[in-house]
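Have a look at the structure below, then the notes.
None of the figures in this text is laboratory data; all of them are computed from the coordinates on show. Note that the structure is a prediction, hence the values are computed from the model and not measured.
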Amino acid sequence: MSVIKRFVAGAVCPRCGQMDTIRVYRNEIREYRECVRCDYRDGQNLDGSPEPVSELQTRVNQPSTTNTSGAKIAPVTAQPVKFDPNPTTNTDDEDN
Ligand SMILES: [Zn+2]
């Protein structure tokens, strides 16, 4: 199946700021935008559901566990929290 890519007249790339470099194409379920000048690419599902993967690389979603100052950031580990809704009753209520 060949994909037809169409340039979008007047569209400005959000990354490099060039005009008329954005072209769009789609498959059955998604529509993509890409820039021919830079490597900008964006995609969204045709049903409007949010795009799960293709985020811009920011320092928030870098996989590294160290930040730029070299400080170790401890990975967040889930800790089980034990609730005991019915604690073993201490039966010291028989004084009198
Ligand atoms: Zn661009």
Checklist outcome for this item: For Gly43, other-chain or 5+-apart residues with amide H closer than 5 Å (H placed, Pro excluded) are Arg33
Checklist entry - Taking θ as phi - 60°, what are the ³J(HN,Hα) couplings along the stretch 21-30 by the Karplus curve (6.51, -1.76, 1.60), each to the nearest whole Hz, with x for Gly and Pro? => result 10, 8, 10, 10, 8, 8, 10, 5, 10, 9
Checklist entry - Taking amide hydrogens as modeled 1.01 Å from N in the peptide plane, which residues meet the under 5 Å criterion relative to Arg26, leaving out close sequence neighbours? => result Ile4, Tyr32
